[in-house]
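The numbers here are math on the coordinates, done by the rules we state, and not lab data. None of the values given here were measured: they were computed from a predicted structure. Note: ideal-geometry Cβ built from the backbone for every residue, glycine included; neighbour counts use all protein chains shown.
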Ligand SMILES: [Zn+2]
Ligand SMILES: [Zn+2]
């Protein structure tokens, strides 16, 4: 084993120890869930009274769908390739990597999954805070305001879409997966089988572009971050 790998494995275990021992790290997840869902509701209250017509609604929703898949896929790519375990964010990064070790989720009602998994999206808190201020002040209105709302809600829906790939699927979810409206279970399996591949997880539509970006900028996770938890024997992420 290389010295670098041994160091990373030690740093990973230390980061997970901090995640388990320092209550703040698990509290961050709960705070992020609460803040994201509250701000989404608040944004909806500001946006929904605005009328933009059916055609604009459909176009805005479609554009938001593609952009959500792309941006969330990029964040996933960044996180899967991040091994900065010694930083303040280290415990959150390490616990994130355990989604490759234990992809299966605890089964829960969907609104609970939506709420809990929104807690892994710290970046969305900042996005929503700026969006709420911009819409409340009238800086962003109409279709653009709906775009912000759809993007933020679909970012949480993407987590539910990924949840469906690691829990037993009912017929409707299978149907939506086959239509590629949600993430297709066989398609997403490639992310876990191959390396540096198919990071998008709302429906995977933007993967051809993300795969190219990943190949250009990252070495992948199979020979890096996936090996860092090889000597970790503790519990997994809270909701898994
Ligand atoms: Zn991943
Ligand atoms: Zn997965």
Under the rule rounded for a/c under 1.5, else prolate if a/b exceeds b/c, else oblate, using alpha carbon gyration tensor axes a ≥ b ≥ c, the stretch 1-58 is classed as oblate
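At 0.36 nm per residue, minus the direct Cα-Cα distance, what do residue 100 and residue 216 gain on full extension? Give it in nm, one decimal, please.
Numbers: separation 116, 0.36 × 116 = 41.76 nm, distance 2.21 nm.
Full-extension gain reported as 39.6 nm.
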Which FRET efficiency value, to the nearest 0.05, do you get for residue 45 and residue 170 by plugging their Cβ-Cβ distance into 1/(1 + (r/R0)^6) with R0 = 25 Å? 0.20
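Only helical DSSP H runs with n ≥ 4 go in: add -39500 (n - 2.57) per run for the chain, normalise by residue count and round the 222 nm mean residue ellipticity to 500 deg cm²/dmol. Let's see the in-between values first.
Working: 11 runs with 161 residues, N = 240.
My calculation for the chain gives -22000 deg cm²/dmol from helical runs alone.
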How far apart, in nm, are two points set 7 Å out from the Cα along the Cα-to-Cβ line at residue 233 and at residue 3? 2.7
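Got a sec? How would 84, 69 order by Cβ neighbour count within 10 Å, fewest to most?
Numbers: 84 12, 69 26.
Arranged by neighbour count, lowest to highest, 84, 69 become 84, 69.
Taking 10 °C and 1.306 mPa s as the conditions, I'd like the Stokes-Einstein D for the stretch 1-113 in µm²/s, using the Kirkwood hydrodynamic radius from alpha carbon pairs. Mind showing how you got there, number by number?
Numbers: Rh = 17.4 Å.
In µm²/s, the coefficient is 91.
Quick one: grab the alpha carbon gyration tensor of the stretch 79-126, order the square roots of its eigenvalues as a ≥ b ≥ c, and give me rounded if a/c is under 1.5, else prolate or oblate depending on whether a/b is larger than b/c. Please list the in-between numbers first.
On the way: a/c = 3.01, a/b = 1.47, b/c = 2.05.
Judged from the Cα gyration tensor, the stretch 79-126 comes out oblate (a/c at least 1.5, b/c at or above a/b).
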What order do you get for 106-113, 88-95 when each peptide is scored by the mean count of other beta carbon atoms within 10 Å, highest first? 88-95, 106-113
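Using a Förster radius of 22 Å, what is the FRET efficiency between residue 55 and residue 180 based on their Cβ-Cβ separation? Nearest 0.05, please.
Numbers: r = 23 Å, r/R0 = 1.05.
Efficiency computed from Cβ-Cβ geometry: 0.40.
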If only Cα atoms are counted, what is the Rg of the chain, and what is its Dmax, in Å? 18.5, 61
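For residue 190 and residue 112, what is the calculated FRET efficiency with R₀ set at 30 Å and r taken between the beta-carbons, to the nearest 0.05? Display every interim value, and only then the final one.
Details: r = 28 Å, r/R0 = 0.93.
Rounded to the nearest 0.05, the efficiency is 0.60.
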In nm, to one decimal, how far is the modelled label at residue 38 from the one at residue 133, with both set 7 Å along Cα→Cβ? 1.7
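Mind sorting 56, 156, 51 by how few other Cβ atoms lie within 10 Å of their own Cβ, fewest first? Intermediate results must be reported in sequence, preceding the final value.
Numbers: 56 14, 156 24, 51 8.
Ranking 56, 156, 51 by Cβ neighbours within 10 Å, fewest first, gives 51, 56, 156.
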To test your reading of the geometry: what angle, between 0 and 90 degrees and rounded to tens, separates the Cα axis of helix 122-136 from the longest principal axis of the chain? 20
Roughly how tilted is helix 23-47, in degrees to the nearest 10 and between 0 and 90, from the longest Cα axis of the chain? 10
Between the Cα axis of helix 142-164 and the main Cα principal axis of the chain, the angle (0 to 90°, nearest 10) is 40
Those residues of the stretch 189-223 whose amide nitrogen sits under 17 Å from the label point placed on residue 143, 7 Å along Cα→Cβ: none
